[in-house]
Amino acid sequence: MNYQYKDATVLITGVTGFVGYHIAHSLGRLGSEIYGLSRTTCLELKEGKSFTGDITDREYVREIVDTIRPNYVFHLAASKIRHASSEDFRQSFDDNLVGTLNLAEACVSLPHLVRFVFLGTCEEYGIAEAPYSETTQEMPVSAYSCSKLAATHQLLNFNRYYNFPAVILRPSIAYGPKQGDEMFIPALIMSLLAKKPFEMSPGKQTRDFVYIDDLIEAILSAALIPKAVGQIINISSNKAVKIIELAEALASLVGCNAYKFLGVGKLGYRHTEIMNYWAENRKADQILDWHPKVPLKKGLVETVNYYRNLRN
């Protein structure tokens, strides 16, 4: 992997996000020439150059792509609106579908583009029966997942019509150091470390978690393997974990009688709650030779230690 990324020109959209940050730092260590694009200013992209702009701006996106002429594109930028009002759908489709179209359109004629990796989501399967496989009929239940599914099929069409080198990865729920507190795991850890009550649902729903290092390995591998082109590939642990069990495990790791701050059942389930969410990963094993290496317990220990150290 090292030699293929060395001196390669890479564009990362959504570089200020959790996954974007880790990809940029991994590629920096591999010697890539990195360009980041995001709506907010990137203060930590020490390995490359960042641009601040909006992927819904067609002309701006084309200007950036024509300037950079990337060999690899990692398209992570997305609006994660999980409501379902008409305005939420409009905003999500503008950001996630039109934005993806703008980027793919700008890249489609690049002569030296090796791969365009799109980060979809297992949420695209929605309320379909779990475990999800790549042949499962998708049943999204939010503006976010519906717009991501539309973008997925848009890129598959580009692959069929233009031989566009797109790969669609559908990760389950990523977690690990440096994740923002809008996500469940860091929000819960920080609340417990601060000895503050954390209100949550009854926690009977299941989720599938993949550690950030494993996800980054899958993403970087997918860009290098030709048979991944034109494929949808789940990146998951292939294990269902109840949210209540996850919360109790984190409370145990935090210690200091953190259990008493778990407000289990203080909140109800969301109107469109997916109760059983986990995905198979056999295709990732077959095509990418990938399987998760970090067990959940070890990943949670690393994550708790990271947020504990932030407070010290």
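The values are calculated or read from the model by the stated rules, or taken from the named source; none is laboratory data. Computed from a prediction, not measured in an experiment: that's the story for all the values here. Counting neighbours? That spans all protein chains shown, and the Cβs are built from the backbone with ideal geometry, glycine included. Calculation scope for accessible area: heavy atoms of the full protein, side chains included, ligands and nucleic acids excluded. Shrake-Rupley method; radii C 1.70, N 1.55, O 1.52, S 1.80 Å.
Being part of a helix (DSSP H, G or I), over 16 Å from residue 217 (Cβ atoms) and either touching a Gly at 6+ places or on another chain (Cβ under 9 Å) or not charged (D, E, K, R) (or both) is the filter here; which residues of region 287-312 pass it?
296, 300, 301, 303, 304, 305, 306, 307, 309, 310 - these are the residues of region 287-312 that are part of a helix (DSSP H, G or I), over 16 Å from residue 217 (Cβ atoms) and either touching a Gly at 6+ places or on another chain (Cβ under 9 Å) or not charged (D, E, K, R) (or both).
Anything in region 272-312 that is more than 20 Å from residue 185 (Cβ to Cβ) and open to solvent by 70 Å² or more (accessible area, probe 1.4 Å)? List them, or say none.
Within region 272-312, 282, 285, 286, 289, 291 meet the criteria.
Only one of these conditions is not met by residue 204: (1) touching a Lys or Arg at 6+ places or on another chain (Cβ under 9 Å); (2) crowded, with 18+ Cβ neighbours inside 10 Å; (3) of a type outside the set (Phe, Trp, Tyr). Which number is it?
(2)
Which one of 199, 245 is part of a strand (DSSP E or B) and either exposed (fewer than 14 other Cβ atoms within 10 Å of the Cβ) or touching a residue at least 40 places away in the same chain (Cβ under 8 Å) (or both)?
When all the criteria are applied, what remains is 199.
Taking the residues in region 230-241 that are in contact with a helix residue (DSSP H, G or I) (Cβ under 9 Å, 6 or more places away or on another chain) and open to solvent by 40 Å² or more (accessible area, probe 1.4 Å) as candidates, determine which candidate is farthest from residue 75 (Cα to Cα).
So the residue we want is 239.
Since residue 36 meets every condition but one in (1) outside any loop (DSSP other than H, G, I, E, B); (2) under 27 Å from residue 284 (Cβ atoms); (3) open to solvent by 30 Å² or more (accessible area, probe 1.4 Å), which condition does it not meet?
(3)
Only one residue in 133, 109 is open to solvent by 20 Å² or more (accessible area, probe 1.4 Å), of a type in the set (Ser, Thr, Tyr), out of contact with any Lys or Arg (no Cβ under 6 Å at 6 or more places or on another chain) and farther than 23 Å from residue 217 by Cα, so which one is that?
109
Scan region 256-292 for residues that are basic (Lys, Arg) and out of contact with any strand residue (DSSP E or B) (no Cβ under 8 Å at 6 or more places or on another chain) and jot them down.
260, 270, 282
Just to check your reading of the model, which residue among 104, 128 is of a type in the set (A, V, I, L, M) and in a helix (DSSP H, G or I)?
104
Can you go through 109, 79, 26 and tell me which one is part of a helix (DSSP H, G or I), out of contact with any strand residue (DSSP E or B) (no Cβ under 6 Å at 6 or more places or on another chain) and not basic (Lys, Arg)?
Result: 26 is the single residue among 109, 79, 26 that is part of a helix (DSSP H, G or I), out of contact with any strand residue (DSSP E or B) (no Cβ under 6 Å at 6 or more places or on another chain) and not basic (Lys, Arg).
Quick check on this structure: which one of 87, 47, 63 is more than 22 Å from residue 182 (Cα to Cα), acidic (Asp, Glu) and either within 21 Å of the chain's Cα centre (by Cα) or modelled with pLDDT under 95 (or both)?
Within the list 87, 47, 63, the selection yields 47.
Considering only region 226-249, how many residues are under 30 Å from residue 113 (Cβ atoms) and among the small types (Gly, Ala, Ser)?
The total comes to 3.
State all residues of region 200-236 that are touching a strand residue (DSSP E or B) at 6+ places or on another chain (Cβ under 9 Å), more than 14 Å from residue 171 (Cα to Cα) and of a type in the set (Lys, Arg); if no residue qualifies, say none.
Hit for region 200-236 is 204, nothing else.
Of the conditions (1) under 27 Å from residue 272 (Cα atoms); (2) out of contact with any helix residue (DSSP H, G or I) (no Cβ under 7 Å at 6 or more places or on another chain), residue 123 clears all except one; give me its number.
Exception for residue 123: condition (2).
Mind listing whichever residues of region 61-76 are open to solvent by less than 80 Å² (accessible area, probe 1.4 Å) and either farther than 13 Å from residue 9 by Cα or assigned to a helix (DSSP H, G or I) (or both)?
61, 62, 64, 65, 66, 68, 75, 76
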